[in-house]
1. So which residues in the stretch 54-94 are among the hydroxyl-bearing types (Ser, Thr, Tyr) and touching a residue at least 12 places away in the same chain (Cβ under 8 Å), if there are any at all?
2. Please find, within the stretch 41-65, the residue that is farthest from the ligand (Cβ to nearest atom) out of those that are surrounded by 14 or more Cβ atoms within 10 Å (Cβ to Cβ) and either modelled with pLDDT under 95 or among the β-branched types (Val, Ile, Thr) (or both).
Amino acid sequence: MTSKTFDPSRRHLFRQGAVIAGGAVLGGLMLRTDASAQAGTVTKATAKYQDKPQGTQKCAGCALFVPGKSSSANGKCKIVAGSISPDGWCMYFSPKS
Ligand code: SF4
């Protein structure tokens, strides 16, 4: 085989490589999207966030709360940005069902 001809098996390998590379890039984007989906963007001021419960309502009982490393550690919120206390509260409180 001369160097000017293209071996179909090499073309096949090239296509497979392109598909694998594309999948890796797409997978990376999806992971990034998942990570950012866990962090809210609304400011604490806008959400009227407070570091204490509002009556019996608190972040630990909210469906939007993403717990920290322990039950007492701060976590994150799917709506509100920043570190969120499990004992906190905001106007977007949504009780776990
Ligand atoms: S009460 Fe507000 S800040 Fe707390 S987890 Fe729910 S939505 Fe987020």
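1. Pass one, the stretch 54-94, residues among the hydroxyl-bearing types (Ser, Thr, Tyr): 56, 70-72, 83, 85, 92, 94.
Scanning the stretch 54-94 gives Ser71, Ser72, Ser85, Tyr92, Ser94.
2. Thr46
The values are calculated or read from the model by the stated rules, or taken from the named source; none is laboratory data. From a predicted model like this one, the values you see are computed outputs, not experimental measurements. Ideal geometry is used to build each Cβ from the backbone, glycine not excepted, and the neighbour counts take in all protein chains shown.
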